[in-house]
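Asker: I have a structure I would like to understand better, so I am pasting it below and will then ask my questions one at a time.
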Amino acid sequence: MRRDTGAAALLGPLLAGSAQPHQVRRVAQGLGLPERGRYAVVVLAAPAAVPEADGVRWCWCGEAGVVLLGPGGLAGPVARLGEAGAGPGGVSPVVGGLAELGLARRLAGAALLTCGAGSREIVALDERLPTALVASVPELSARLVAEVFGPLLVLAPAERALLVGTLEAWLECGGSVGRAAVRLRCHRNTVFNRLRRLERLTSRSLSHPCELVETVLALEALRWAAARG
């Protein structure tokens, strides 16, 4: 592990996205890293000890870790972070070189935002893209929830949970009312009626593509806000 101040001083400008080409070369020479290679960035809520294994190399700058990947890709390092109890943490997509670490740092931070309160999970951005989208701009997310689900939020909690749960089941079942009814253990007409009521309350049709996108993103924002407590 390279969590020393020298490595942090070298990596800082790269992770901030402000490095010049000569600084990229300096980092490569100073840390013995290739300028071009398969890198990812991990952002943890707090520093943690992470072992190196399987040809993977870590360099740290505070809570941000730069990992030079071995032949196994991201799965192994992400699994070891979880096993080490390092979470919560966010993992960027793979980038192609040191010059792209600033972008990777921002994307890893967006992934971290999707972790719920008290969570110890390590999440890859590509697994949480819709949630990361709404979490990255909380003011717009709150506005989206208010605009789409405002009339729903004034209902009694149990009634609201019933309608939201039905929407979630319908989406998870690929828009099939019949399959959602089986999952919810109710008649398909019950699912249909709940969805129609949801459409009336939100003033959005689930059969209209653009309005469905708004509803789904608002649902992601609602769930994200609930998970954050």
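The values are calculated or read from the model by the stated rules, or taken from the named source; none is laboratory data. Since the structure is predicted, the reported quantities are computational estimates derived from the model, not experimental observations. Because the Cβ atoms are built from the backbone with ideal geometry, glycine has one as well, and the counts that use them run over all protein chains shown. Ligands, DNA and RNA are excluded from the accessible area calculation, which covers all protein heavy atoms including side chains. Shrake-Rupley method; radii C 1.70, N 1.55, O 1.52, S 1.80 Å.
Asker: Peptides 91-104, 168-181: what's the order by average Cβ count within 10 Å, highest mean first?
Answerer: Working: 91-104: 20.5, 168-181: 16.3.
Highest-to-lowest ranking by the protection proxy: 91-104, 168-181.
Asker: How much accessible area per residue does the chain have, counting only protein heavy atoms and a probe of 1.4 Å, in square angstrom? Don't jump to the answer; show the numbers that get you there.
Answerer: On the way: 11300 Å² over 229 residues.
I get 49 Å² per residue for this part.
Asker: Output the 0 to 90 degree angle, nearest 10, between the alpha-carbon long axis of helix 188-202 and the longest principal axis computed from the alpha carbons of the chain.
Answerer: Rounded to the nearest ten degrees, it is 70.
Asker: When the Cα centres of the range 139-196 and the range 23-92 are compared, how far apart do they sit, in Å?
Answerer: 40
Asker: Tell me the carbon and sulfur percent of the accessible area for the range 79-215, rounded to whole percent, probe radius 1.4 Å. All intermediate terms of the calculation are to be shown ahead of the outcome.
Answerer: Values: 4050 of 6950 Å².
Answer for the range 79-215 is 58 percent, counting heavy atoms of protein chains only.
Asker: While we're looking at this one, here's another question. Could you work out the helix-only [θ] at 222 nm for the chain, with each DSSP H run of four or more residues adding -39,500 (n - 2.57) and the total divided by the number of residues, to the nearest 500 deg cm²/dmol? Can you show the working numbers first?
Answerer: On the way: 10 runs with 128 residues, N = 229.
Helix-only estimate at 222 nm: -17500 deg cm²/dmol.
Asker: Could you order the peptides 12-21, 58-67, 152-161 from most to least packed, using the average number of other C-beta atoms within 10 Å per residue?
Answerer: On the way: 12-21: 15.8, 58-67: 21.9, 152-161: 11.7.
Listed from highest to lowest mean packing, they are 58-67, 12-21, 152-161.
Asker: Treating the chain as a set of equal point scatterers at the Cα positions, no solvent, please give the Debye-formula log₁₀ I(q)/I(0) at q = 0.07, 0.15 Å⁻¹.
Answerer: Values, matching the q order: -0.32, -0.94.
Asker: Please compute the contact order of the chain in relative form: average sequence separation of alpha-carbon pairs under 8 Å and at least six residues apart, divided by the residue count, as a percent.
Answerer: Values: 367 pairs, mean separation 39.7, N = 229.
The normalised contact order for the chain reaches 17 percent.
Asker: Mind ordering 199-211, 120-132 by average Cβ neighbours within 10 Å, highest first?
Answerer: Values: 199-211: 14.0, 120-132: 18.2.
Packing proxy ranking, top to bottom: 120-132, 199-211.
Asker: Tell me, what are the semi-axes, in whole angstrom and largest first, of the equivalent ellipsoid of the range 123-214 as set by the roots of 5 times the Cα gyration tensor eigenvalues? Don't jump to the answer; show the numbers that get you there.
Answerer: Details: eigenvalues 109, 59, 31 Å².
Ellipsoid half-lengths, sorted descending, are 23, 17, 13 Å.
Asker: About the Cα centre, and with charges only on the beta carbon of Lys, Arg (+1) and Asp, Glu (-1), how big is the dipole of the chain? Nearest 20 debye, please.
Answerer: Numbers: 25 positive and 19 negative charges, 70 e Å.
Magnitude of the dipole: close to 340 debye.
Asker: How large is ³J(HN,Hα) for each residue in the range 146-159, as worked out from phi by the Karplus curve 6.51 cos²θ - 1.76 cosθ + 1.60 (θ = phi - 60°), to whole Hz, x for Gly and Pro?
Answerer: 5, 6, 8, 9, x, x, 6, 6, 8, 6, 4, x, 5, 5
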